[in-house]
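The values are calculated or read from the model by the stated rules, or taken from the named source; none is laboratory data. Source: prediction; values computed, not measured. Cβ placement follows ideal geometry from the backbone for every residue including glycine, while neighbour counts extend to all protein chains displayed. Just so you know, the surface numbers come from the protein's heavy atoms only, side chains and all, with ligands and any DNA or RNA stripped out. Shrake-Rupley method; radii C 1.70, N 1.55, O 1.52, S 1.80 Å.
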Amino acid sequence: MRLEKISGLAGKVLSSTASLLKVAIMSRGASPSSKEGEGKEIIILGNGPSLRETIEEDFDWLVTHDLMAVNFAAITPEFFRLRPKFYILADNHFFNSLQSDSNVRKLWENFKLVSWEMTLFLPSGFKHLAAPLLLNCPAIKVKYFNLTPVEGFKFLTRFLIDKGLGMPRPRNVLVPALIVAIRSGYRKIYICGADHTWTKTLDVDSDNFVISVQPHFYADNEQEHRRVRETYKGLRLHDVLGSMVVAFRSYWEIADYAKRKNISIINATPGSMIDAFPKMKKPENKPFTEK
């Protein structure tokens with residue numbers, strides 16, 4: 001038992017030291033928090049298949065809240081119906097693939113069509129790539145955040161999150177979305193479209209290639225299917241499963257962080273496999289309510 005404690009302490013020291021090094025190398029200074037969401041509620045819209053049902057049945061509930069959209073949501077007609085107040089991108093694919101991915105090009109082109117005030121959150125490391133893409137987007141205000149993953153002693157990780165210098169390992173865009181919402185002053189955060197039913201669509205084919213189908217509320221075109229296949233090409237099953245573990249663990253770290261700040265995070269995604277946040281149960285044949 002004593003050896004386990006010593007080993008655990010040594011692990012915390014190593015991971016904390018690594019986190020400080022990452023912050024020193026990757027973070028672009030502390031990003032200030034905001035009181036923009038003080039006294040209000042926000043809904044983060046993941047792009048999982050259940051979001052289709054939520055939009056169709058609970059549109060009125062959605063649009064009475066501040067909304068945050070993610071990833072490829074802007075290439076859909078629903079984006080222009082919902083008019084989200086916030087948008088967040090985290091994956092380098094959105095900044096490095098304009099020539100090779102027509103979906104990425106459409107995303108940035110659609111940002112030019114935004115006619116309402118919208119704040120776009122982007123990783124600070126991509127500031128130089130994003131700036132020219134947003135020259136003709138007058139309705140969009142850009143804010144940058146540090147995507148730096150931090151681990152180790154809780155007092156250290158909380159301090160780094162408070163200062164905007166890092167966050168729990170951002171395996172999925174929902175991690176920075178939640179941190180940004182918290183740091184924007186929101187005291188109640190709903191999550192929709194975060195199905196995370198990855199294990200249900202995970203398979204290994206006869207050639208031992210890992211296949212991971214991650215459907216969205218919109219229909220992916222063939223180019224997106226090819227991109228996903230290429231992303232998983234060469235990955236081993238334990239690598240894919242380990243990546244999933246990182247994501248679900250990060251949600252528990254966020255849940256602990258939010259609890260200490262008296263912030264409510266409620267998962268309103270039907271059938272979601274995220275187990276870190278309390279779930280909002282929908283009355284049968286009735287729309288969501290605030291209760």
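Please turn the phi angles of the range 48-54 into ³J(HN,Hα) values with the Karplus equation 6.51 cos²θ - 1.76 cosθ + 1.60 (θ = phi - 60°), one per residue in order, whole Hz, x for glycine and proline.
Once θ is set to phi - 60°, the couplings for the range 48-54 become x, x, 5, 4, 4, 4, 5 Hz.
Kindly work out what percent of the DSSP beta bridges joining two residues of the range 139-291 are antiparallel, to the nearest 5.
The antiparallel proportion sits near 35 percent.
From the list (i) 132; (ii) 160; (iii) 217, can you say which value of volume of the Cα convex hull per residue in Å³ was derived from the structure given?
Evaluating volume of the Cα convex hull per residue in Å³ on these atoms matches (ii).
Go through the range 121-182 and name the chymotrypsin sites (Phe, Trp or Tyr not before Pro) that are in a DSSP coil and have 16 or fewer other Cβ atoms within 10 Å of their Cβ.
Loop-located and lightly packed - F153.
Excluding T148 itself, what net charge comes from residues whose Cβ is under 12 Å from its Cβ, given Lys and Arg +1 and Asp and Glu -1?
+3
Pop a pseudo-label 7 angstrom from the Cα along the beta-carbon direction at both R105 and V63 and give the gap in nm to one decimal.
It works out to 3.2 nm between the two label points.
Excluding R83 itself, calculate the net charge of residues whose Cβ lies under 12 Å from the Cβ of R83, where each Lys or Arg counts +1 and each Asp or Glu counts -1.
Here the charged neighbours net out to -1.
Could you tell me what percent of the accessible area of the range 134-289 is made up of carbon and sulfur, with a 1.4 Å probe and every protein chain present?
That share works out to 54 percent.
How much length, in nm to one decimal, is gained on full extension between K259 and L98, taken as 0.36 nm per residue of separation minus their Cα-Cα distance?
Extra length available between K259 and L98 comes to 54.0 nm.
Could you calculate the FRET efficiency of E38 with V246 from 1/(1 + (r/R0)^6), where r is the beta carbon distance between them and R0 is 22 Å, rounded to 0.05?
Computed FRET efficiency for E38 and V246: 0.10.
What does the charge count near I265 come to, summing +1 for each Lys or Arg and -1 for each Asp or Glu among other residues with Cβ under 14 Å from its Cβ?
Result for the neighbourhood of I265: +3.
If you wrap a convex hull around the C-alpha atoms of the range 49-202 and split its volume per residue, what is the figure in Å³?
Each residue corresponds to 139 Å³ of Cα convex hull volume.
Carbon-plus-sulfur fraction of the accessible area of the range 50-109, 1.4 Å probe, in percent?
That share works out to 44 percent.
If one computes the Cα centroid of the range 175-241 and of the range 40-115, what distance in Å separates the two points?
Here the answer is 16 Å between Cα centres.
Leaving out ligands and nucleic acids, and using a 1.4 Å probe, what accessible area per residue does the chain come to in Å²?
Spelled out: the 1.4 Å probe surface of the chain, per residue, equals 52 Å².
Put a dot 7 Å past each Cα toward the Cβ at D275 and R187; how far apart are the dots in nm?
So the label points at R187 and D275 sit 3.1 nm apart.
If R₀ is 30 angstrom, what is the calculated FRET efficiency for the pair N208 and M26, using the beta carbon separation as r and rounding to 0.05?
E between N208 and M26, to the nearest 0.05, is 0.30.
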